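The values are calculated or read from the model by the stated rules, or taken from the named source; none is laboratory data. None of these values were measured; they are calculated from a predicted model. Every residue, glycine as well, gets a Cβ built from its backbone with ideal geometry; the counts of neighbours run over all protein chains shown.
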Amino acid sequence: MSDEPKKKSSNYDPSRRKFLKGVGVAGAGAALADSLLTHDTSAANSDIDAAGAPVSGSVNIALNVNGQRRNATVEPRTTLLNTLRNHLEPGVTGPKLVCDMGTCGACTVMMDGKPVYSCLVLAVDAVGKKLTTVEGLGTPENMNGVQKAFVEYDALMCGFCTPGFVTTISAYLKKNANPTLAEVREACRGNFCRCGTYPRVFEAALAAAKAGGS
Amino acid sequence: MPQQAQPTPTPPKKKKVRVPRVVNGVETTVEIEVDDIAGPGWGPNDKHRLLTHRLTRVDGPLKATGSAHYTYDVRLPGMLYGRILRCPHAHARIKTFDSTKAATMPGVKAIIQARLTEFRFAGSPVAAVAATTPELAQDAARAILVEYEVLPHVVRAQDAIKPESPEVLPRNDAKPNERNLRLAQKNGDAQKVEAALAGCDAIVDAEYYTPRIHHACLETHGMVVDYSGGKSATIYATTQGTFTIPDDAAKELGLSTSDVTATVQHMGGGFGSKFGIGIEGMLACRLSKEARAPVKLMLTRSDEFLMAGNRSGSWQKIKAGVKSDGTLAALQAMQYRLGGVGQGSQAGQPYAVYRAGESYREVYALQTNEDSSVAMRAPGHPQASFAMESLLDELAYKIGMDPVLFRKKNMRDEVYHRQLDRGAREINWARRNLKAGAGAGPRKRGMGCGAGTWGGGGNNQCKVDVTVGRDGSVLVAVGTQDLGTGTRTFTRAIVAEELGLQMNDVVEKIGSSKLGGANSSGGSTTAASLSPSVKDAAIKTRFALAEKLAPLLGNAKPEEIAFAAGNVSAGGKSLSWKQACASLPSAGITAHGEWRQDLQGRGVHGVCFAEVEVDVETGQVRPIKMVQVQDGGLPLNRLTMESQLNGGMIQSLGMALWEGRVMDRDLGVQLNPGFGDYKLPGALEMPEFVPIIDDDDKREVVIGIAEACIIPSLGALANAVFNACGVRVRELPITPDKILMGLMKERRTA
């Protein structure tokens with residue numbers, strides 16, 4: 001085996017521009033099957049097929065967000081987080097933009113049931129996936145078990161990290177319905193809180209598990 | 001409706017009182033005149049129906065479901081996104097600025113240049129761009145061409161104090177060897193202290209250092225300026241002071257203050273850093289004015305680290321002496337406040353909890369080419385407390401006295417004695433090592449303690465209106481803001497309790513500069529300023545209702561009419577709340593509440609005990625348990641107050657063990673401006689927390705506790721580390737390298 005990565009074609013170009021374009025097209029491949037993605041022919045800069053041209057065009061995509069089909073026009077580089085918040089009409093603003101580089105967890109959403117940092121997912125790569133945000137887990141009038149426990153145990157203060165924690169824990173309890181405190185901590189290790197709600201987040205997670213999960 | 005002649009009320013007598021007022025996050029005091037009246041008080045702390053109980057917060061369901069709308073979530077039609085271009089050098093002057101290419105890029109609607117042309121810290125804003133998406137704004141900011149003349153800089157206190165250091169800020173009055181020093185305070189008699197030190201049985205002479213800390217608000221600073229030309233504007237702000245916004249913004253937009261409305265429904269953390277519109281707000285206003293479109297300018301995470309302020313660092317040289325009976329007899333301190341280009345803040349030594357016989361201190365601001373420090377939760381106190389508590393511990397060990405007893409002997413206020421006893425019981429103080437580092441095995445446990453204080457108290461800025469509708473609805477309105485401290489919840493609870501209703505029967509409306517005035521949330525002054533005004537409005541509402549309802553209740557005297565369990569009753573007659581309200585005039589009734597000095601107080605006490613485990617092979621410190629005992633007069637809401645105590649402990653845990661701004665001396669830039677490199681407290685490191693509200697405090701007044709509970713734990717943790725492994729770390733954060741170096745030094749001297 002060679003240490004060299006296998007080149008898919010002879011005109012392999014490792015430049016970032018081509019990489020982004022590649023990602024866009026890969027996303028498009030998955031999406032076209034569901035006919036959820038079409039090129040935005042109306043946009044002036046939608047020439048992403050032109051060889052060597054900068055990938056600054058925009059594409060129309062449709063995402064499956066909280067059970068609804070949602071359309072957006074995005075650039076290939078637009079993150080899922082930015083798409084949810086700024087490109088859907090109306091926006092889905094439960095997932096918060098805090099670090100924009102995958103360190104804090106405030107933007108956590110479920111993608112096919114798995115918690116992901118939506119600031120690290122390109123919108124075009126989320127096409128065809130089932131996306132659930134904190135809004136999809138419950139409403140103020142009809143909260144899920146984790147959300148109820150967060151209120152009851154005061155597991156939130158300013159509340160900016162809360163959507164991320166609620167989503168992370170809701171996803172985790174589906175995987176492990178009866179976790180230990182150590183397991184809850186481990187599940188929350190990718191989420192930051194600054195006000196200092198951790199001890200009550202743990203209490204809420206354990207209580208939600210006891211009451212029958214998310 | 002016929003107008004009834006109102007009897008002219010006798011004007012109340014006035015009296016003058018001094019109250020705290022927060023200006024840019026810094027607590028000062030001012031003299032104000034208040035009505036000299038006392039109405040019904042809060043009553044005993046253990047006799048409340050809603051207050052002092054565990055009330056879940058009223059905005060909890062909104063926050064837990066992502067339905068709470070923050071400034072960052074605001075999106076308006078035609079809104080542009082702002083991005084800032086920052087200076088990459090610690091000290092530089094602009095030679096050329098060229099934004100022609102950026103201006104032609106897709107989606108770009110406005111580019112403005114900062115008013116400064118010389119920048120004194122890396123990260124200083126140079127220009128700002130507004131474009132149709134955040135990505136395009138970022139592209140354009142990157143495309144601005146700036147050529148700098150790079151000038152000499154200094155970013156470390158140890159370098160800035162040297163006579164040959166570059167000058168951070170130009171000044172004429174400085175002696176050549178004090179160019180970056182500003183004397184802030186000189187107190188006491190140096191000669192008396194020298195004499196007292198000579199008569200001491202044990203002396204500690206040590207230097208303590210704390211780095212600059214970042215607020216790290218999860219919602220970065222910023223705002224949405226909704227202005228498209230014309231005569232009025234709305235500012236959506238993430239702020240601790242709704243009423244600090246309109247004036248600043250009006251100046252930038254060229255409007256009058258009354259034409260600018262500030263709105264802050266929910267905000268994602270401030271911790272002292274969010275007052276006024278800030279530089280980012282000025283830039284956002286200018287962009288909006290130029291583009292004639294709404295602009296949202298939120299700082300990026302690295303912007304936030306580099307230009308949104310920070311807690312000042314400290315460098316303290318202290319020499320203190322004790323008598324063998326444990327009396328602290330003398331203390332001299334040289335304190336440097338490390339506030340970057342700002343003045344920094346630091347409480348004076350000896351820290352206010354303790355007496356120190358004779359004392360002398362000099363406090364200086366020592367400036368560097370770094371972003372100015374701003375207020376952060378108990379400005380200057382954790383730094384001073386860390387040094388003082390460490391010093392006391394060193395002295396206690398030196399004379400072989402129990403650190404708790406030693407503290408009791410030197411405290412100004414006996415309230416701490418019961419708190420120390422309570423905390424010691426909770427952590428089981430008897431288990432501590434009598435000799436530091438005596439535990440077996442490579443993972444050694446230890447315990448430490450510390451104490452803190454804060455003034456708090458309120459002022460007369462809150463104007464509250466309670467309106468009861470004919471349909472039974474109750475609305476309490478005031479322009480204040482809820483930082484996540486539970487302001488909405490206690491506001492509602494006070495009114496519900498007074499009127500004999502449940503939490504769900506009352507609605508509160510806050511967070512707008514068009515509602516009744518309110519103070520900024522700084523210096524732990526919110527609850528003590530707001531709750532008396534709410535209580536006053538609620539009492540007046542009750543009396544106004546009682547007067548209206550008296551004819552339906554056998555002409556009972558208003559003060560005999562009871563409001564309880566959703567009923568209004570007197571003399572055997574009873575009306576349900578709905579029935580009672582149905583008899584009101586069609587507009588309902590409104591009562592206005594003003595601040596009452598007698599309903600709030602000043603001065604809180606708190607102690608912290610910590611247990612840690614130190615791995616002497618790796619130097620790793622693992623916190624095991626933290627106990628905070630805190631008084632605060634009337635605890636309005638036990639549940640949210642405990643959450644605040646947890647928060648105080650967790651933030652100081654970060655300061656003690658992990659956090660600190662790291663600068664590159666040669667480049668003058670911050671090396672850790674992001675959550676990947678700046679270590680915040682995380683889920684895996686959390687110890688067991690025991691927040692204890694000191695109910696032996698029987699004062700029937702409201703006092704804020706937010707600052708108080710972040711102060712004593714730094715010392716408690718550092719002292720616990722010493723008790724565990726015998727290494728005294730005098731420079732925060734207590735990282736493994738410092739433990740291992742300490743252990744190595746100990747082995748060498750042994």
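Residues of the stretch A:150-168 that are small (G, A, S) and more than 9 Å from chain B (Cβ to nearest Cβ): A:G164 alone. So, B:R337, is that one touching a Pro at 6+ places or on another chain (Cβ under 8 Å) and of a type outside the set (A, V, I, L, M) or not? Against the criterion (touching a Pro at 6+ places or on another chain (Cβ under 8 Å) and of a type outside the set (A, V, I, L, M)), B:R337 does not qualify.
The sole residue among B:A706, B:A683 that is under 30 Å from B:S531 (Cβ atoms), within 14 Å of chain A (Cβ to nearest Cβ) and among the aliphatic types (A, V, I, L, M) is B:A706. If the condition is being hydroxyl-bearing (S, T, Y) and more than 10 Å from chain B (Cβ to nearest Cβ), then the stretch A:169-201 contributes A:S170, A:Y172, A:T180.
Would you call B:E559 buried (at least 16 other Cβ atoms within 10 Å of the Cβ) and in the same structural domain as B:P532 (by TED's automatic domain parsing)? Let's see the steps before the verdict.
On the way: buried (at least 16 other Cβ atoms within 10 Å of the Cβ): no; in the same structural domain as B:P532 (by TED's automatic domain parsing): yes.
No: the conditions fail for B:E559.
On the stretch given as the stretch B:206-225, residues that are within 13 Å of another protein chain (Cβ to nearest Cβ) and not small (G, A, S) total 9. Mind checking whether some residue in the stretch A:153-175 is surrounded by fewer than 19 Cβ atoms within 10 Å (Cβ to Cβ) and touching a helix residue (DSSP H, G or I) at 6+ places or on another chain (Cβ under 8 Å)? The answer is no; no qualifying residue exists.
Taking (1) in contact with a Pro (Cβ under 9 Å, 6 or more places away or on another chain); (2) under 19 Å from B:F386 (Cα atoms) in turn, B:E700 satisfies each apart from (2).
Candidates in the stretch B:52-91 are the residues that are crowded, with 24+ Cβ neighbours inside 10 Å and touching a Leu at 6+ places or on another chain (Cβ under 6 Å); of these, the one that is nearest to the other protein chains (Cβ to nearest Cβ) is B:K63. In this entry, A:M110 passes the filter for residues that are farther than 22 Å from B:T489 by Cα and buried (at least 22 other Cβ atoms within 10 Å of the Cβ).
Could you please let me know if B:R337 is within 30 Å of B:Q240 (Cα to Cα) and surrounded by 22 or more Cβ atoms within 10 Å (Cβ to Cβ)? When the stated conditions are applied, B:R337 passes them.
Check every one of the helices (runs of 4 or more DSSP H) wholly within the stretch A:74-184 and list those with 2 or more residues that are within 30 Å of B:P673 (Cβ to Cβ).
Values: elements: A:134-137, A:145-152, A:162-175.
Result: A:162-175.
When residues in the stretch A:185-204 are screened for being assigned to a helix (DSSP H, G or I) and within 22 Å of B:F675 (Cβ to Cβ), 8 of them pass.
Scanning the stretch B:297-331 for residues that are of a type outside the set (A, V, I, L, M, F, W, C) and in a strand (DSSP E or B) turns up B:R311, B:G313, B:S314, B:Q316, B:K317, B:K319, B:G321.
Within the stretch B:252-261, does at least one residue satisfy the condition of being in contact (Cβ under 8 Å) with a residue 40 or more places away in the chain, buried (at least 24 other Cβ atoms within 10 Å of the Cβ) and within 22 Å of B:V22 (Cβ to Cβ)?
Taking the stretch B:252-261 as the starting set, the residues that turn out to be in contact (Cβ under 8 Å) with a residue 40 or more places away in the chain are B:260-261.
Filter once more, keeping what is buried (at least 24 other Cβ atoms within 10 Å of the Cβ): B:260.
Okay, now just the ones that are also within 22 Å of B:V22 (Cβ to Cβ), so B:260.
Yes: the stretch B:252-261 contains one or more residues that are in contact (Cβ under 8 Å) with a residue 40 or more places away in the chain, buried (at least 24 other Cβ atoms within 10 Å of the Cβ) and within 22 Å of B:V22 (Cβ to Cβ).
Against the criterion of being buried (at least 24 other Cβ atoms within 10 Å of the Cβ), away from chain A (no Cβ under 14 Å) and more than 30 Å from B:E746 (Cβ to Cβ), B:V621 does not qualify. Considering each residue of the stretch B:147-158 in turn, none proves to be over 15 Å from B:R93 (Cβ atoms), part of a helix (DSSP H, G or I), at pLDDT 95 or above and over 32 Å from the mean Cα position of the chain (by Cα).
Looking at B:V464, is it under 26 Å from the mean Cα position of the chain (by Cα) and either hydrophobic (A, V, I, L, M, F, W, C) or not assigned by TED's automatic domain parsing to the domain that holds B:F275 (or both)?
Details: under 26 Å from the mean Cα position of the chain (by Cα): yes; either hydrophobic (A, V, I, L, M, F, W, C) or not assigned by TED's automatic domain parsing to the domain that holds B:F275 (or both): yes.
It is true that B:V464 is under 26 Å from the mean Cα position of the chain (by Cα) and either hydrophobic (A, V, I, L, M, F, W, C) or not assigned by TED's automatic domain parsing to the domain that holds B:F275 (or both).
Among the conditions (1) in contact (Cβ under 8 Å) with a residue 60 or more places away in the chain; (2) surrounded by 24 or more Cβ atoms within 10 Å (Cβ to Cβ); (3) touching a strand residue (DSSP E or B) at 6+ places or on another chain (Cβ under 6 Å), B:V495 misses just one, which is (1).
Of the residues A:G102, A:G159, A:G136, which single one is within 24 Å of B:E642 (Cβ to Cβ) and touching a strand residue (DSSP E or B) at 6+ places or on another chain (Cβ under 8 Å)?
A:G159 is the lone residue from the list that is within 24 Å of B:E642 (Cβ to Cβ) and touching a strand residue (DSSP E or B) at 6+ places or on another chain (Cβ under 8 Å).
The set of residues in the stretch A:187-214 being touching a Pro at 6+ places or on another chain (Cβ under 9 Å) and either surrounded by fewer than 17 Cβ atoms within 10 Å (Cβ to Cβ) or small (G, A, S) (or both) consists of A:A187, A:G190, A:G196, A:A205, A:A209. Among the residues of the stretch B:668-683, is there at least one that is farther than 22 Å from B:S385 by Cα, surrounded by fewer than 19 Cβ atoms within 10 Å (Cβ to Cβ), in contact with a Ser or Thr (Cβ under 6 Å, 6 or more places away or on another chain) and without any contact (Cβ under 8 Å) to a residue 60 or more places away in the chain? Yes, the conditions are met somewhere in the stretch B:668-683.
Taking the stretch B:332-350, which residues are within 20 Å of the chain's Cα centre (by Cα) and assigned to a loop (DSSP other than H, G, I, E, B)? Explain how you work it out, then say what you get.
Step one: list which residues in the stretch B:332-350 are within 20 Å of the chain's Cα centre (by Cα), which gives B:337-340, B:342-348.
Of everything in the stretch B:332-350, those that are within 20 Å of the chain's Cα centre (by Cα) and assigned to a loop (DSSP other than H, G, I, E, B) turn out to be B:G339, B:G340, B:G342, B:Q343, B:G344, B:S345, B:Q346, B:A347, B:G348.
If you go through the stretch B:10-26 one residue at a time, do you hit one that is in the same structural domain as B:E498 (by TED's automatic domain parsing), modelled with pLDDT of 95 or more and basic (K, R)? The answer is no; no qualifying residue exists.
On inspection, B:M388 fails the criterion of being part of a strand (DSSP E or B) and of a type in the set (A, V, I, L, M, F, W, C). Looking only at residues in the stretch A:87-104 that are without any contact (Cβ under 8 Å) to a residue 60 or more places away in the chain and more than 7 Å from chain B (Cβ to nearest Cβ), the one that is nearest to A:L131 (Cα to Cα) is A:V92.
Residues in the stretch B:653-680 that are of a type in the set (K, R) and within 14 Å of chain A (Cβ to nearest Cβ): B:K679 alone. Any residue in the stretch B:127-140 that is within 13 Å of chain A (Cβ to nearest Cβ) and of a type in the set (V, I, T)? Among the residues of the stretch B:127-140, at least one is within 13 Å of chain A (Cβ to nearest Cβ) and of a type in the set (V, I, T), which makes the answer yes.
Consider the stretch B:30-51 and keep the residues that are of a type in the set (D, E, K, R) and either part of a loop (DSSP other than H, G, I, E, B) or free of Cβ contacts under 8 Å to residues at least 40 places away in the same chain (or both). The one that is farthest from the other protein chains (Cβ to nearest Cβ) is B:D36. Screening the stretch B:260-316 for residues that are within 14 Å of chain A (Cβ to nearest Cβ) and of a type in the set (F, W, Y) and picking the one that is farthest from the chain's Cα centre (by Cα) gives B:F305.
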